[in-house]
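One structure is given below, encoded as structure tokens.
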Amino acid sequence: MTTTASVTPATPTTPATPTPGSDSPARTDRARAHSFNAAAAQYAANRPSYPPALLDALEELTGRPLAGARVADIGAGTGIATALLHRRGARVVAVEPGEGMAVQFRRTHPGLPVVRGDGDALPLADGCADLLTYAQSWHWTDPARSVPEALRVLRPGGALALWWNTDALDVEWIAGQSRRVARFFGLDDAPAPKGAAGARADRADPSGRFRFTRRVIRWSRRVPLDTHLANVGSHSAFLVCPEERRAAFLAEERAHLLRAFPDGAVEETYDLLLLLAAKP
């Protein structure tokens, strides 16, 4: 931890690792959550970032600039959102539960502070943060624990921001890919596992203590086909899938996409879902 950290860490906690047992839903969720650690470099290289309009919305909805704000980015992963907040001038500290992801974070962003911990037991002092951010990570928490923790760590007037890049399913090729992914996982026409985070947003705080404002920001990026397929394969449902099955699906998907994008450049379109609420 450097002296430029924006919030005050308490004693860091080391997240528990999955224990042997039956393939219960809880065990499956733990396996998926921990799957990123072995694929941290793939995640860092291929996952999409976030548009400048997101940072504009954070400033608008909180009523203050990010510059100088004390921000804790929870479930920071490889630091995609942390770096954007830092470049906007926030005094930001990252909190990341996974060892592999934290190692990649330090490799990619050696000047930014990161501590080990998760949203259910934040290693941060009471009332130390102006803003808590969860980029693609709130759905890995237990709101019965993460909501009280957010309330504890936020200062009076502070805010909680949650966001997800979700697939723009009104785009024909994206809808087709989503259906193929869903069928691959035996979900018929249900939302694909890689889009499940957005579906959980409506249940962000079952207790109702946070009153969220919702924004949807459409944006896109144009990437090589290999980057797109590596992005798809970096989602947890694929990371815990047997390698041969995963490779076979991605090979078939390459053929589908080359028909839509014969030049090998894929236009990914996202509806970024942002939920923001002030501390009551």
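Summary table below
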item: Test: residue in segment 238-259 that is open to solvent by less than 80 Å² (accessible area, probe 1.4 Å), touching a Cys at 6+ places or on another chain (Cβ under 9 Å) and of a type outside the set (D, E, K, R); result: yes
item: Test: residue in segment 150-164 that is in a strand (DSSP E or B), in contact with a Pro (Cβ under 9 Å, 6 or more places away or on another chain), under 28 Å from residue 70 (Cβ atoms) and touching a residue at least 12 places away in the same chain (Cβ under 8 Å); result: no
item: Residue match in segment 32-46 (condition: modelled with pLDDT under 95 and charged (D, E, K, R)); result: yes
item: Subset of segment 45-54 [open to solvent by 20 Å² or more (accessible area, probe 1.4 Å) and either touching a strand residue (DSSP E or B) at 6+ places or on another chain (Cβ under 7 Å) or without any contact (Cβ under 8 Å) to a residue 24 or more places away in the chain (or both)]; result: 50, 52, 53
item: Matching residues, segment 109-129, being open to solvent by less than 20 Å² (accessible area, probe 1.4 Å) and assigned to a strand (DSSP E or B); result: 114, 115, 124, 129
item: Residue match in segment 96-108 (condition: part of a loop (DSSP other than H, G, I, E, B), open to solvent by less than 10 Å² (accessible area, probe 1.4 Å), out of contact with any helix residue (DSSP H, G or I) (no Cβ under 8 Å at 6 or more places or on another chain) and of a type in the set (A, V, I, L, M, F, W, C)); result: no
item: Test result for residue 92, open to solvent by less than 10 Å² (accessible area, probe 1.4 Å), under 14 Å from residue 105 (Cα atoms) and touching a Ser or Thr at 6+ places or on another chain (Cβ under 6 Å); result: yes
item: Residue 78 in a loop (DSSP other than H, G, I, E, B) and either among the hydroxyl-bearing types (Ser, Thr, Tyr) or free of Cβ contacts under 8 Å to residues at least 12 places away in the same chain (or both); result: yes
item: Test: residue in segment 49-67 that is at positive phi and at pLDDT 70 or above; result: yes
item: Condition check for residue 253: at pLDDT 95 or above and part of a helix (DSSP H, G or I); result: yes
item: Among (1) modelled with pLDDT of 95 or more; (2) aromatic (Phe, Trp, Tyr); (3) open to solvent by less than 30 Å² (accessible area, probe 1.4 Å), the one test that residue 219 misses; result: (3)
item: Test: residue in segment 9-16 that is within 26 Å of residue 221 (Cα to Cα), among the polar types (S, T, N, Q) and either at pLDDT 85 or above or surrounded by fewer than 19 Cβ atoms within 10 Å (Cβ to Cβ) (or both); result: no
item: Residue check for residue 26: assigned to a helix (DSSP H, G or I), surrounded by 15 or more Cβ atoms within 10 Å (Cβ to Cβ), at pLDDT below 65 and not charged (D, E, K, R); result: no
item: Members of segment 55-72 found to be open to solvent by 60 Å² or more (accessible area, probe 1.4 Å) and in a strand (DSSP E or B), listed by number; result: 70
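The values are calculated or read from the model by the stated rules, or taken from the named source; none is laboratory data. Owing to the predicted nature of the structure, the values given are computational and were not obtained by experimental measurement. All Cβ positions, even for glycine, are placed from backbone atoms using ideal geometry, and neighbour counts span all protein chains on display. For the accessible areas, the whole protein counts, side chains as well, though only heavy atoms, and no ligand, DNA or RNA atoms are used. Shrake-Rupley method; radii C 1.70, N 1.55, O 1.52, S 1.80 Å.
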